[in-house]
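> Below you will find the structure I want to go over with you.
Bear in mind that the values in this text are calculations on the coordinates, not laboratory data. In this text, all values refer to a predicted model and were calculated from it rather than measured experimentally. No Cβ is skipped: glycine too gets one built from the backbone with ideal geometry, and neighbour counts run over all protein chains shown.
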Amino acid sequence: MNKDQVKGAVNDAAGRAKRQVGEWTGDTSTQVEGAAQQVKGKAQKAWGNVKDAAQNATDSAHSDSQTGVEHERELERERGAGREEERQHAHSGSQR
């Protein structure tokens with residue numbers, strides 16, 4: 001959870017509380033302020049979710065890239081071992 005998600009959750013909850021107090025007291029100004037704060041909080045949370053998703057996608061792409069590189073290295077090691085085995089087999093066959 002990033003700071004935008006946290007700030008958004010706090011503003012959303014505070015706005016809901018403020019709006020509810022305004023409803024209980026009949027203060028439309030407080031109701032409007034609370035509703036506005038709720039909207040701000042929901043927008044902050046949404047922005048935080050977008051940033052979080054982008055970070056996760058970046059992390060996943062980096063991880064996939066690293067996995068691909070490691071896989072290529074392993075294949076190259078296997079190919080090298082296979083070539084060495086062929087050389088040894090060819091060398092032992094020529095001595096007979």
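> How far is helix 3-25 tilted, in degrees, relative to the longest principal axis of the Cα atoms in the chain, given as a value from 0 to 90 rounded to the nearest 10?
That works out to roughly 20 degrees.
> Still on this structure: List the pair-distance distribution P(r) of the chain, using every Cα-Cα distance, as the percent of pairs falling in each 5 Å bin from 0 up to the bin containing the longest distance, rounded to whole percents.
Histogramming the chain at 5 Å steps yields 3, 13, 10, 9, 7, 7, 7, 5, 6, 4, 5, 4, 4, 4, 3, 3, 2, 2, 1, 1, 0 percent.
> Relative to the longest principal axis of the C-alpha atoms of the chain, give the angle of the C-alpha long axis of helix 28-94, reported between 0 and 90° and rounded to the nearest 10°.
Between helix and principal axis, roughly 0 degrees.
> Now for a separate question. Given an 8 Å cut-off on Cα distances and at least 6 residues of separation, report the relative contact order of the chain as a percent.
For the chain, the relative contact order is 28 percent.
> What's the local net charge at R83, with K and R +1, D and E -1, over the other residues with C-beta under 12 Å away?
Numbers: positive: R77, R79, R87; negative: E76, E78, E84, E85, E86.
Here the count lands on -2.
> Of the candidates G34, G68, G80, which one comes out as most mobile in a Gaussian network treatment of the chain with C-alpha springs shorter than 10 Å?
Looking only at G34, G68, G80, the biggest GNM fluctuation is shown by G80.
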